[in-house]
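Notes follow once the structure below has been shown.
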Amino acid sequence: MRPVHWIVTAPAAVVAALFAVSNREHVSVGLWPLPDVLDAPLYLVVLAALVVGFLFGEFVAWLGAGQTRRLARERMRRIAALERELNAAQSTLAQQPPQPQRPTPAALVPANERR
């Protein structure tokens with residue numbers, strides 16, 4: 001998994017660095033109802049927009065996985081309860097003395113009298 005990480009991360013870092021070096025011009029960024037205008041390098045504006053979009057996407061994915069996480073927690077609690085129940089049953093069986101085996105009814109009838 002580590003090589004795949006570097007195969008993806010290294011080219012992305014090189015592209016981001018080249019983009020930042022190539023786009024150092026200042027731009028004015030304003031959000032319509034707000035009166036303030038921000039002067040910032042173009043690369044900073046674009047990379048900040050990418051980071052905000054990534055964080056928003058991660059937040060939406062986290063919200064979407066809420067039901068799956070809840071179901072996993074419920075199943076883990078159920079598994080833990082069943083394991084406790086199994087351990088209790090095994091310990092009671094281990095504490096009971098072995099009972100003598102009773103012969104089955106077929107074993108009581110002589111072989112020559114069986115149909």
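Every number here is computed from the coordinates shown, using simple stated rules; none is lab data. Note that the coordinates shown come from a computational prediction; the quantities given were computed from them, not determined experimentally. With ideal geometry, Cβ positions are generated from the backbone for all residues, glycine too; neighbour counts draw on all protein chains shown.
Computed from point charges on the beta carbon alone (+1 for Lys and Arg, -1 for Asp and Glu), the dipole magnitude for the chain about its Cα centre is near 1020 Debye. Under a 5 Å amide H cut-off, with hydrogens placed 1.01 Å from N, V27 pairs with A40, L42 among residues at least 5 apart or on other chains.
Among the trypsin sites (Lys or Arg not before Pro) in the range 1-109, those located in a DSSP loop and surrounded by at most 16 other Cβ atoms within 10 Å of their own Cβ are R24. For the chain, the longest principal axis of the Cα atoms and the long axis of helix 2-22 meet at an angle of about 10 degrees.
Ratio of Rg to Rh for the chain: 1.54 [Cα atoms; Kirkwood radius as inverse mean 1/r over pairs].
Angle of helix 42-64 to the longest C-alpha principal axis of the chain, folded into 0 to 90 degrees and rounded to 10: 20°.
Evaluate the relative contact order of the chain (contact order divided by residue number), counting alpha-carbon pairs under 8 angstrom at least 6 apart; express in whole percent.
Details: 31 pairs, mean separation 14.0, N = 115.
Computed over the chain, the figure is 12 percent.
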